[in-house]
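Participant: Before anything else, here's the structure in question.
The values are calculated or read from the model by the stated rules, or taken from the named source; none is laboratory data. Because the structure is predicted, anything quoted here is derived from the model rather than measured. Cβ: placed from backbone, ideal geometry, glycine included. Neighbour counts: every protein chain shown.
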Amino acid sequence: MTNQQVRICIIGGGFGGLYTALRLSELPWQQDQKPEIILIDKSDRFLFSPLLYELITEEMQTWEIAPPFAEILANTGIVFERGEVTGIDIQDKQIELTNSKQISYDKLVIAIGGKTPLTNIPGAIDYAIPFRNLHDAYRLEEKLRLLEETERDKIRVAVVGGGYSGVELSCKLADRLGEKGRIRIVDRGDKILKGAPEFNRAAATKALEQNKVWLDLETEVEQVEADTISLIYKGQVDTIPVDIVMWTVGNQVSELIAKLPLEHNERGLLVTQPTLQVSKHEDIYALGDVADNRDATGEKVPATAQVAFQQSDYCAWNLWASLNNRPLLPFRYQPLGEMMTLGVDNATLSGLGMKLDGSIAYIARRLIYLYRLPTLKHQLTVGFSWITQPLVNLISNED
Ligand SMILES: Cc1cc2nc3c(=O)[nH]c(=O)nc-3n(C[C@H](O)[C@H](O)[C@H](O)COP(=O)(O)OP(=O)(O)OC[C@H]3O[C@@H](n4cnc5c(N)ncnc54)[C@H](O)[C@@H]3O)c2cc1C
């Protein structure tokens with residue numbers, strides 16, 4: 001860092017943080033003004049989480065949906081620091097990492113996402129698997145592999161949560177397990193996909209029926225044990241055998257965020273201004289699942305990749321504007337619709353006046369996500385692999 005060079009530290013290289021860093025590096029800085037941009041993440045890879053389900057059916061490989069930061073950031077000038085942030089000294093502008101390393105900052109972006117709460121139900125932390133990151137997907141994969149190697153005729157999976165994640169995961173599990181699969185979705189509500197467009201809910205309901213996924217609605221989880229799950233339906237407790245419990249409900253801030261001396265809302269999320277600056281701290285920005293996101297009208301916006309991705313443009317611009325004496329812009333959310341995978345070769349999509357399901361939606365979803373992958377180089381490599389893979393499979397099947 002040169003004497004006057006401003007240092008911007010971005011904690012979390014997900015949809016909010018990584019794309020903020022990339023946008024920042026592309027903005028028109030005067031030569032002597034370009035800030036030092038440091039991106040910190042505990043993982044060595046970015047994860048394109050909407051495609052995490054595809055690992056379960058082996059439709060995609062880790063390298064496609066989770067490219068290493070070293071690869072994405074090559075030639076951008078952004079410095080990558082791998083490490084888990086354990087504390088932030090707001091007063092002294094210092095970030096503390098697990099390896100006792102400290103990094104100072106002039107401007108800070110907090111984008112570390114959320115975590116799945118598992119401590120509210122007895123046994124969930126020990127026996128249920130969340131589905132948020134590569135580690136979770138590998139844990140599930142390993143359990144499935146071990147069960148598939150046994151002689152058993154059924155593999156019983158309970159998926160807790162009938163939201164997007166629960167439904168998408170159930171469809172992929174049904175495809176993976178085929179006739180052996182006995183999958184049930186457990187949700188306390190009276191319908192799945194509360195708040196989703198009617199078209200998507202209808203397509204998802206059809207896909208779940210076709211895949212023989214059982215729905216336990218108006219049902220709560222009382223307890224999870226090594227090979228059972230206890231469910232409460234209309235006051236009655238039923239304990240049923242299960243091989244895998246997947247937990248897809250809830251979004252909670254980490255301890256790191258909870259202990260920061262910044263303003264939090266009733267759910268512990270960081271309170272921000274429409275410019276994404278943290279309340280009363282104009283050098284600190286927060287975006288994505290960690291923040292109490294609202295747009296310029298004060299309207300609450302959902303905790304989604306779509307929101308974090310759009311916010312990253314504003315966050316980068318506002319950082320640039322704050323260093324160039326230009327006005328900061330309030331975040332304006334543009335809902336572009338919703339897409340869901342409903343298994344191999346099936347998806348649903350509604351938005352921007354379009355409604356698609358089946359194979360067409362499956363292809364459209366893939367192409368839209370291909371376009372959203374970070375860096376043109378990675379998009380081209382993945383796109384090329386998708387085109388050539390069927391050919392490679394054909395040749396290797398003939399050998
Ligand atoms: C399986 C799945 C499917 C999804 N599908 C969709 C979808 O189809 N459409 C959609 O819009 N949204 C979807 N979402 C939601 C979306 O992924 C999140 O809303 C989005 O990723 C939030 O972005 P973020 O930047 O806040 O956090 P994240 O993308 O979660 O990134 C947080 C980053 O911070 C890092 N980190 C965390 N703690 C620390 C620490 N202490 N120190 C250093 N680094 C840290 C993590 O390693 C991670 O890289 C899905 C989520 C999941 C889990």
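Participant: Residue check, GLU266 against (1) exposed (fewer than 13 other Cβ atoms within 10 Å of the Cβ); (2) in contact (Cβ under 8 Å) with a residue 12 or more places away in the chain; (3) part of a loop (DSSP other than H, G, I, E, B), all met but one. Which one?
Facilitator: (2)
For (1) in contact with a Pro (Cβ under 8 Å, 6 or more places away or on another chain); (2) of a type in the set (Ser, Thr, Tyr); (3) surrounded by fewer than 16 Cβ atoms within 10 Å (Cβ to Cβ), each residue gets a yes or a no:
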position: ILE112; (1), (2), (3): no, no, no
position: GLU151; (1), (2), (3): no, no, yes
position: LYS154; (1), (2), (3): no, no, yes
position: SER165; (1), (2), (3): no, yes, no
position: ALA174; (1), (2), (3): no, no, no
position: ARG184; (1), (2), (3): no, no, no
position: LEU193; (1), (2), (3): no, no, no
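Participant: Quick one: TRP317 ticks every box in (1) of a type in the set (Phe, Trp, Tyr); (2) more than 18 Å from ILE112 (Cβ to Cβ); (3) in contact with a strand residue (DSSP E or B) (Cβ under 7 Å, 6 or more places away or on another chain) bar one, so which box is it?
Facilitator: Of the numbered conditions (1) of a type in the set (Phe, Trp, Tyr); (2) more than 18 Å from ILE112 (Cβ to Cβ); (3) in contact with a strand residue (DSSP E or B) (Cβ under 7 Å, 6 or more places away or on another chain), the odd one out for TRP317 is (3).
Participant: Only helices (runs of 4 or more DSSP H) wholly contained in segment 1-75 count here; list those with 3 or more residues that are away from the ligand (no atom under 13 Å from the Cβ).
Facilitator: Passing ranges, in order: 15-26, 62-65.
Participant: Do you know which residues across segment 270-291 are out of contact with any strand residue (DSSP E or B) (no Cβ under 6 Å at 6 or more places or on another chain) and in a loop (DSSP other than H, G, I, E, B)?
Facilitator: VAL271, GLN273, PRO274, THR275, SER279, LYS280, LEU287
Participant: Would you call ASP136 more than 15 Å from the ligand (Cβ to nearest atom), over 30 Å from TYR314 (Cα atoms) and not small (Gly, Ala, Ser)?
Facilitator: In short, no.
Participant: Another question, if that's okay. Does ILE155 fit the bill of being over 23 Å from ALA207 (Cα atoms), touching an Asp or Glu at 6+ places or on another chain (Cβ under 9 Å) and either at pLDDT 95 or above or more than 14 Å from the ligand (Cβ to nearest atom) (or both)?
Facilitator: no
Participant: OK, next. Go through (1) surrounded by 14 or more Cβ atoms within 10 Å (Cβ to Cβ); (2) touching a residue at least 24 places away in the same chain (Cβ under 8 Å) and name the single condition ASN324 misses.
Facilitator: Checking ASN324 against (1) surrounded by 14 or more Cβ atoms within 10 Å (Cβ to Cβ); (2) touching a residue at least 24 places away in the same chain (Cβ under 8 Å), the one that fails is (1).
Participant: Select from segment 325-349 the residues that are among the aliphatic types (A, V, I, L, M) and over 23 Å from GLY298 (Cβ atoms) and list them in ascending order.
Facilitator: The answer is MET339, MET340, LEU342, VAL344, ALA347, LEU349.
Participant: Kindly indicate the residue of segment 30-62 that is more than 18 Å from the chain's Cα centre (by Cα) and exposed (fewer than 15 other Cβ atoms within 10 Å of the Cβ) and also nearest to GLY114 (Cα to Cα) among those meeting that condition.
Facilitator: Across segment 30-62, the extreme among qualifying residues is GLU58.
Participant: Still on this structure, I have one more. Given the criterion in contact with a strand residue (DSSP E or B) (Cβ under 7 Å, 6 or more places away or on another chain) and either surrounded by 17 or more Cβ atoms within 10 Å (Cβ to Cβ) or of a type in the set (Lys, Arg) (or both), identify the matching residue among VAL237, VAL242.
Facilitator: The conditions single out VAL242.
Participant: Taking into account only those residues within segment 63-82 that are of a type outside the set (Gly, Ala, Ser) and without any contact (Cβ under 8 Å) to a residue 12 or more places away in the chain, which is surrounded by the most Cβ atoms within 10 Å (Cβ to Cβ)?
Facilitator: Among those residues, the one meeting the criterion is TRP63.
Conditions tested, residue by residue: (1) in a loop (DSSP other than H, G, I, E, B); (2) within 16 Å of the ligand (Cβ to nearest atom); (3) surrounded by 18 or more Cβ atoms within 10 Å (Cβ to Cβ).
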{"site": "THR297", "(1), (2), (3)": "yes, no, no"}
{"site": "ALA316", "(1), (2), (3)": "no, yes, yes"}
{"site": "TRP320", "(1), (2), (3)": "no, no, yes"}
{"site": "PRO330", "(1), (2), (3)": "yes, no, no"}
{"site": "LEU349", "(1), (2), (3)": "no, yes, yes"}
{"site": "ILE368", "(1), (2), (3)": "no, yes, no"}
{"site": "TYR371", "(1), (2), (3)": "no, yes, no"}
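Participant: Can you confirm whether segment 178-188 contains a residue that is charged (D, E, K, R), free of Cβ contacts under 8 Å to residues at least 24 places away in the same chain and at positive phi?
Facilitator: no
Participant: Might you let me know whether segment 222-236 holds any residue that is touching a Gly at 6+ places or on another chain (Cβ under 7 Å) and assigned to a strand (DSSP E or B)?
Facilitator: yes
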